[in-house]
Amino acid sequence: MFYTSPLMAKHGIKAVFSDRQGGVSRDEFESLNLGFGLGDTDANVQCNLQTLCQSAEMPIPHQVEQVHGAQALVCSGSGKIHKQDADILITAEKGVALAVRTADCLPILLADKQAGIIAAVHAGWRGTVAKVAEEALAKMLERGAEVNHVLVSLGPCIAPCCFAVSDDVAGQLCDACSQNVTLKKSGQTYADLAKTNYSQLLALGVNAENIELSKHCTVCGTQPSFFSYRRDSGQTGRQLSIISLS
Ligand SMILES: [Zn+2]
């Protein structure tokens, strides 16, 4: 159903990444679909959300309308789905949970335990090129976080084994982090979305030992398996990545 970030847990922060097992949804949404409005019933998604939050012992999280940009929404109070367009959620309020939905895009969870600030980020390739992770970190630092204390967990996303891209997208991702984050295989270019974000955060001074990478690929991973927009040609559910401050 989900795994807990070992890095965040070690520092007393709750952060979890769901997979597609353990829910009630059927067919292309089988079974733990956490995305409303994709064709699954709202009742199924609501049930899945309750099950995940109860199992993970986390409050119902805040969510936003994700648009592949770099806008932030500051959240407080009870969790709900905001109608606002944003790809960063941030809070300094205890008992508040934040979540992003993904199916191949990269979920990024950030925390500064000492400052009591957390953020959740949705980073597809467009958001990565728009430097959404950098923007989230800047927003945390504005509110009193210290870069040396910032912990980052990069969740399951489309990995370089499966992320075939055009040369144009490859170039934009390399430019976004001033590194070569691509490889060629049989004439096709593949990009490393997680490494692009990792490199951006390292360049801003986040400590390497404070950044955790997922070992899963959402496209070809089987244990566990994930919803994958690319593999399933858009007809699929969503994972949820949740972080909370206690
Ligand atoms: Zn793969």
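What follows draws every value from the coordinates through simple rules; no lab data is involved. Everything quoted here is computed from the prediction, not taken from an experiment. No Cβ is skipped: glycine too gets one built from the backbone with ideal geometry, and neighbour counts run over all protein chains shown.
What percent does the relative contact order of the chain come to when contacts are Cα pairs within less than 8 Å and at least six residues apart? Could you put the intermediate results ahead of the total?
On the way: 607 pairs, mean separation 59.7, N = 246.
In percent, rounded to a whole number, it is 24.
So if we plug the beta-carbon distance of Q114 and A164 into 1/(1 + (r/R0)^6) with R0 = 51 Å, what FRET efficiency do we get, rounded to 0.05? Spell out each step's value before the answer.
Numbers: r = 41 Å, r/R0 = 0.81.
Calculated value: 0.80.
Tell me, what is a quarter of the convex hull surface for the C-alpha atoms of segment 41-89, in nm² with one decimal? The partial results should precede the final answer.
Numbers: hull surface 15.8 nm².
Hull-based average projected area comes out at 3.9 nm².
Can you report the principal axis dimensions of segment 76-144 using only the alpha carbons, biggest first, rounded to whole angstrom?
31, 25, 18
Between I81 and V67, what length comes free when the chain is fully extended (0.36 nm per residue of separation minus the Cα-Cα distance, one decimal in nm)?
Working: separation 14, 0.36 × 14 = 5.04 nm, distance 1.41 nm.
Taking 0.36 nm per residue and subtracting the Cα distance, the gain is 3.6 nm.
How long is the gain from N180 to L213 if the chain were fully straight, where each residue apart is worth 0.36 nm and the alpha carbon distance is subtracted?
Values: separation 33, 0.36 × 33 = 11.88 nm, distance 1.80 nm.
Stretched fully, the N180-L213 segment lengthens by 10.1 nm.
Write down the radius of gyration of the chain and its Dmax, each obtained from C-alpha positions, in Å.
Rg, Dmax (Cα atoms, Å): 16.7, 51.
May I ask for the net charge around T91, where only other residues with Cβ less than 14 Å from the Cβ of T91 are counted and Lys, Arg are +1 while Asp, Glu are -1?
Working: positive: K14, K80, K94, K113, K139, R143; negative: E93, D112, E142.
Taking every other residue near T91 into account, the sum is +3.
Where does the charge balance sit around Q63 when Lys and Arg score +1, Asp and Glu -1, over other residues with C-beta under 9 Å from its C-beta? Spell out each step's value before the answer.
Numbers: positive: K80, R101; negative: E65.
Residues close to Q63 contribute a combined charge of +1.
Rounded to whole Å and sorted largest first, list the principal axis extents of the Cα atoms in segment 15-122.
43, 29, 22
Lysine pairs in the chain with alpha-carbon atoms under 12 Å apart, 8 or more places apart or on different chains: how many are there? Each step should come with its number before you reach the end.
Numbers: K10/K113; K14/K94; K14/K113; K94/K113.
So the count of such lysine pairs works out to 4.
How big is Rg to Rh over segment 121-241, alpha-carbon atoms, Rh as the Kirkwood inverse-mean-distance radius? All intermediate terms of the calculation are to be shown ahead of the outcome.
Details: Rg = 14.8 Å, Rh = 15.2 Å.
Ratio of gyration radius to Kirkwood radius for segment 121-241: 0.98.
Residue farthest toward the positive end of the dipole of the chain, with Cβ of Lys/Arg at +1 and Asp/Glu at -1: which of C75, S178, G155?
Of the candidates, G155 comes out farthest on the positive side.
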